[in-house]
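Visitor: What follows is a structure written as structure tokens; I'll ask about it next.
The values are calculated or read from the model by the stated rules, or taken from the named source; none is laboratory data. All of these numbers come straight from a predicted model, not from anything done at the bench. A quick note on method: Cβ atoms are made from the backbone with ideal geometry, for glycine too, and the neighbour counts reach across all protein chains shown.
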Amino acid sequence: MVDRSRALIGALLVLGGVIFLLDAADVVPARDILSNWWPLILVALGLISIFGRPGSTTSGGILVAIGAVLLLATLDIIDIALWQLIIPLILIGAGLSLVIRGLGGGGTSDRSNRLNLVGVLSEQNVRSEATAFTRASLTSVLGEVKLDLRNATLDPAGAEVDVFCLLGDVKIVVPRGWRVHVDGMPILGDFEDETDHDQHLPHNAPELTITGVSILADIDVKHG
């Protein structure tokens with residue numbers, strides 16, 4: 001499964017590292033680049049959100065629009081001071097997000113056996129009702145992603161959930177009766193397994209493996 005959102009995040013991190021490396025070598029002044037082009041970060045985060053989950057493009061579109069307007073200001077294409085734009089755009093973006101979220105209700109159900117959930121400065125709350133769940137990719141950047149698997153049925157061969165969380169929050173809810181393996185790497189963050197490993201399970205119990213990385217973030221796996 002091609003994960004375009006992860007690829008964009010990786011490219012963004014690599015680009016940032018290259019810019020600071022060139023600055024340290026006195027090749028390119030990072031300050032000048034960032035002062036003019038930093039709104040592209042918002043555009044990139046918006047694209048990550050759009051590519052991450054088709055059909056859920058509202059927050060991504062808002063970020064792209066805000067980033068584009070701010071970029072026009074930093075490049076002096078429009079004659080408006082940056083500080084005059086930031087507060088109105090934040091208010092408009094936050095208001096639109098709340099309105100759409102309120103109209104859309106709390107959380108959605110999904111019958112797909114493979115999921116790709118992305119929360120970038122936004123929230124994803126999905127309840128899986130898959131009949132042969134095999135894999136999920138969860139990505140959170142300054143956002144929140146919640147995956148509820150209590151109504152899902154795992155593939156007989158087992159299933160895997162891969163998580164990447166940067167300055168965000170991810171919650172995975174699993175039912176009792178599953179054999180859950182958690183193998184995460186926290187980097188200045190938390191990757192907590194709160195499931196009951198003392199429960200007595202049959203040898204053919206459904207098996208779920210959860211892996212991933214938590215960077216300055218919280219990932220929590222627990223029973224519902």
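Visitor: Any idea how many residues of region 201-214 are part of a strand (DSSP E or B) and in contact with a Phe, Trp or Tyr (Cβ under 8 Å, 6 or more places away or on another chain)?
Guide: 5
Visitor: If you go through region 176-200, how many residues are surrounded by 15 or more Cβ atoms within 10 Å (Cβ to Cβ) and assigned to a loop (DSSP other than H, G, I, E, B)?
Guide: Number satisfying all stated conditions: 3.
Visitor: Do you know which residues across region 156-213 are among the basic types (K, R) and closer than 27 Å to L142 by Cβ?
Guide: K171
Visitor: Considering only region 177-207, state which residues are under 17 Å from F164 (Cα atoms) and either touching a strand residue (DSSP E or B) at 6+ places or on another chain (Cβ under 6 Å) or modelled with pLDDT of 95 or more (or both).
Guide: Of everything in region 177-207, those that are under 17 Å from F164 (Cα atoms) and either touching a strand residue (DSSP E or B) at 6+ places or on another chain (Cβ under 6 Å) or modelled with pLDDT of 95 or more (or both) turn out to be H181, V182, D183, G184, M185, P186, I187, G189, D190, F191, E192, D193.
Visitor: Here's something else I'd like to know. Only residues that are out of contact with any strand residue (DSSP E or B) (no Cβ under 8 Å at 6 or more places or on another chain), within 21 Å of L138 (Cβ to Cβ), in a helix (DSSP H, G or I) and modelled with pLDDT under 80: list them for region 11-64, please.
Guide: I50, T58
Visitor: Considering every residue within region 143-163, establish whether at least one is charged (D, E, K, R), assigned to a strand (DSSP E or B), within 17 Å of I48 (Cβ to Cβ) and touching a Leu at 6+ places or on another chain (Cβ under 8 Å).
Guide: Yes.
Visitor: Then there is this: I'd like the full set of residues that are part of a loop (DSSP other than H, G, I, E, B), buried (at least 16 other Cβ atoms within 10 Å of the Cβ) and modelled with pLDDT under 80, limited to region 102-130.
Guide: L121, S122, listed by residue number.
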